[in-house]
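Asker: This is the structure I have questions about; it appears just below.
What follows draws every value from the coordinates through simple rules; no lab data is involved. Predicted, not measured: the structure shown is a model, and the values here were computed from it. Note that each Cβ is placed from the backbone with ideal geometry, even for glycine, and that neighbours are counted across all protein chains shown.
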Number of protein chains: 2
Amino acid sequence: MSTASKEIEEGFLFQPKFDANGLITAIAQDCQTGQILMVAYMDKEALKLTIETGNAVFYSRSRKKLWKKGEESGHVQKVRKILVDCDQDCLVLKVSVDQGQCHTGHQSCFYRTVSDKEPQRLEFIAEKVYDPNNAYKK
Amino acid sequence: MSTASKEIEEGFLFQPKFDANGLITAIAQDCQTGQILMVAYMDKEALKLTIETGNAVFYSRSRKKLWKKGEESGHVQKVRKILVDCDQDCLVLKVSVDQGQCHTGHQSCFYRTVSDKEPQRLEFIAEKVYDPNNAYKK
């Protein structure tokens, strides 16, 4: 292993690796239940704001701008810890939440599972926990 | 919301969205403990093989080829469930594992956390659980 790789994998310096688009993958995981809530992306500014404010801030690839999670819905994520993986190109945010986190109304974006019997089919494994029509102003 | 989006988000058809490089993000999560073990990528073939064999198969971006998890180390992942998110561009694999999953020797790739006091510093939150020098043949 090169010295650079060793420093990234075994070192104490946080040097997040942003991709060609300037983004890093960030997984929000409920710090109480362990449930994976959503996967999003951060640019350098979003990561800085997340660390500074303690609330999750992402970069929206579709809207091409910073996205303070909960700015519309009110469903914020309080960031308790930020974990980074071996090659420092992915983050896990351990978050506290008090409301559903998916824009569809589910607690988690991962509310469906691939069917064991028919792998082209999905099965729902969760009910909606809030009404997105009320949370998102038209 | 468009009809296409509604079908993707609310429908029963599994239609994973591969990115411009033909890849989809896949998060391996321990189905017993909820710990996030690693984040990797799958192409269409890797996903097909994962579903068919029940063992996690990824696509290695660095080696540019299919990567049967554990083919070198023996540290395989038995896939119990595959979850997909709202817009179907990310997967969670609920896996059973019996050995450390990170090539560094840690159980999880996420063995460091960003320091609360000095956000440019990392703190180790886990010890190694196996010796990678023994697991990976030179």
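Asker: When you look at B:Ile51, is it facing chain A (nearest Cβ under 9 Å), free of Cβ contacts under 8 Å to residues at least 40 places away in the same chain and among the aliphatic types (A, V, I, L, M), yes or no?
Answerer: The answer is yes for B:Ile51.
Every residue, every condition in (1) more than 10 Å from every other protein chain (Cβ to nearest Cβ); (2) surrounded by 14 or more Cβ atoms within 10 Å (Cβ to Cβ); (3) not small (Gly, Ala, Ser), yes or no:
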site: B:Gly100; (1), (2), (3): yes, yes, no
site: B:His106; (1), (2), (3): no, yes, yes
site: B:Leu122; (1), (2), (3): no, yes, yes
site: B:Val129; (1), (2), (3): yes, yes, yes
site: B:Tyr136; (1), (2), (3): yes, no, yes
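Asker: For the subset of the range A:5-27 comprising residues that are charged (D, E, K, R) and under 16 Å from A:Cys90 (Cβ atoms), which member is surrounded by the most Cβ atoms within 10 Å (Cβ to Cβ)?
Answerer: A:Glu9
Asker: Another question, if that's okay. Of all residues in the range A:1-16, which are touching a helix residue (DSSP H, G or I) at 6+ places or on another chain (Cβ under 8 Å) and touching a residue at least 60 places away in the same chain (Cβ under 8 Å)?
Answerer: A:Gln15, A:Pro16
Asker: Okay, next question. Taking only the range B:109-125 into account, find how many residues are part of a loop (DSSP other than H, G, I, E, B), more than 19 Å from the chain's Cα centre (by Cα) and not polar (S, T, N, Q).
Answerer: Counting residues in the range B:109-125 that are part of a loop (DSSP other than H, G, I, E, B), more than 19 Å from the chain's Cα centre (by Cα) and not polar (S, T, N, Q) gives 5.
Asker: Related question: Taking the range A:28-52 as the search range and keeping residues that are surrounded by 13 or more Cβ atoms within 10 Å (Cβ to Cβ) and of a type in the set (Val, Ile, Thr), which one is farthest from the chain's Cα centre (by Cα)?
Answerer: That would be A:Ile51.
Asker: Being away from chain A (no Cβ under 13 Å) and either within 28 Å of A:Pro16 (Cα to Cα) or in a strand (DSSP E or B) (or both): is that true of B:Gly22 here?
Answerer: yes
Asker: Name every residue in the range B:94-118 that is touching a Ser or Thr at 6+ places or on another chain (Cβ under 9 Å) and either over 22 Å from B:Tyr136 (Cβ atoms) or among the acidic types (Asp, Glu) (or both), in order of residue number.
Answerer: B:Lys94 - this is the single residue of the range B:94-118 that is touching a Ser or Thr at 6+ places or on another chain (Cβ under 9 Å) and either over 22 Å from B:Tyr136 (Cβ atoms) or among the acidic types (Asp, Glu) (or both).
Asker: So for the range B:56-66 (the condition being of a type in the set (Phe, Trp, Tyr) and more than 10 Å from chain A (Cβ to nearest Cβ)), does at least one residue qualify?
Answerer: Within the range B:56-66 (the criterion being of a type in the set (Phe, Trp, Tyr) and more than 10 Å from chain A (Cβ to nearest Cβ)), the answer is yes, since at least one residue qualifies.
Asker: Oh, and also: Would you please list the contacts, defined by Cβ atoms under 6 Å and residues six or more apart or on different chains, that run from a residue in the range B:87-105 that is within 24 Å of A:Arg61 (Cα to Cα) to a residue that is among the charged types (D, E, K, R) and surrounded by fewer than 19 Cβ atoms within 10 Å (Cβ to Cβ)?
Answerer: Within 6 Å, the pairs are B:Gln88/B:Lys17; B:Asp89/B:Lys17.
Asker: Do you know which residues across the range A:7-45 are acidic (Asp, Glu) and in contact with an Asp or Glu (Cβ under 9 Å, 6 or more places away or on another chain)?
Answerer: A:Glu9, A:Asp19
Asker: Sticking with this structure for a sec: Report, by residue number, each residue of the range B:43-72 that is part of a loop (DSSP other than H, G, I, E, B) and within 19 Å of B:Gln29 (Cβ to Cβ).
Answerer: B:Gly54, B:Ala56, B:Lys69, B:Gly70
Asker: Looking at B:Lys81, B:Lys94, which one is more than 7 Å from every other protein chain (Cβ to nearest Cβ), part of a strand (DSSP E or B) and among the charged types (D, E, K, R)?
Answerer: B:Lys94
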